[in-house]
Amino acid sequence: MKYSLKKDKFRENRGNYSRLLQIYCRKCEKPLFLYQKDGPGNLRRLYLDRIINKEKMKNLKMLKCENCKEILGTKYIYKKENRNAFRLYQDTIIKKIRKLKYVQENN
Ligand SMILES: [Zn+2]
């Protein structure tokens, strides 16, 4: 299965490159979702528009592991860009980079 990366002003503002990350719960190690990380730096917040298959998470106020019920972050609006995001609590997730063969660049 191939995943398409979004190319927009948010990505451009972060150096115009992205990686696809698999996000896991740190406590129980269950895979949670795939995430498009734009640009360099640590993962301190997750933008809702970068969560792949985000449909079921749209209305959540908290980011929670469905398996072990650990709370991973809280929803807020990142004001600088007016984007819905989850602010991650410290050390609640594990991330692994997905190989590029799964990624398809959109033009
Ligand atoms: Zn968990």
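Each residue of the stretch 60-75 is assigned a 3J(HN,Hα), and the resulting list reads 7, 8, 10, 8, 9, 6, 5, 7, 9, 6, 5, 8, 9, x, 10, 7 Hz, derived from the Karplus form 6.51 cos²θ - 1.76 cosθ + 1.60 (θ = phi - 60°), x at Gly and Pro.
In this structure, the amide hydrogen of LYS64, modeled 1.01 Å from its nitrogen in the peptide plane, lies closer than 5 angstrom to those of LEU72, counting only residues at least 5 positions away or on a different chain.
So, for the stretch 1-80, what is the accessible surface per residue at a probe of 1.4 Å, expressed in square angstrom? Mind showing how you got there, number by number?
On the way: 4970 Å² over 80 residues.
Solvent-accessible surface per residue comes out at 62 Å².
Rounded to the nearest 20 debye, the dipole size of the stretch 3-101 about its Cα centre is 100 debye, using +1 on the Cβ of Lys and Arg and -1 on the Cβ of Asp and Glu. Put a dot 7 Å past the Cα of ASP49, heading toward its Cβ, do the same for ILE94, and the two dots end up 3.2 nm apart. Bridges between two residues of the chain, per DSSP, are antiparallel at a rate of about 90%. Quick note on the chain: its Rg to Rh ratio, both from C-alpha atoms and Rh being the Kirkwood radius, is 0.94.
Measure off, as a whole percent, the carbon and sulfur share of the 1.4 Å-probe accessible area of the chain, all protein chains present.
46 percent
The mean sequence distance of close C-alpha pairs (under 8 Å, at least 6 residues apart), as a share of the length of the chain, puts its relative contact order at 34 percent. For the stretch 88-99, backbone phi angles converted through the Karplus equation (6.51, -1.76, 1.60; θ = phi - 60°) give residue-by-residue couplings of 7, 6, 5, 6, 9, 10, 10, 10, 10, 6, 7, 5 Hz, Gly and Pro being listed as x. As a rough guide to protection, the peptides 38-51, 69-82 ranked by mean Cβ packing within 10 Å, highest first, stand as 38-51, 69-82. Here the Karplus relation 6.51 cos²θ - 1.76 cosθ + 1.60, evaluated at θ = phi - 60°, turns the backbone of the stretch 8-13 into coupling constants of 8, 5, 5, 5, 4, 5 Hz, with x for every Gly and Pro.
The values are calculated or read from the model by the stated rules, or taken from the named source; none is laboratory data. Because the structure is predicted, anything quoted here is derived from the model rather than measured. All Cβ positions, even for glycine, are placed from backbone atoms using ideal geometry, and neighbour counts span all protein chains on display. Protein only, heavy atoms only, side chains kept; ligands, DNA and RNA dropped before computing areas. Shrake-Rupley method; radii C 1.70, N 1.55, O 1.52, S 1.80 Å.
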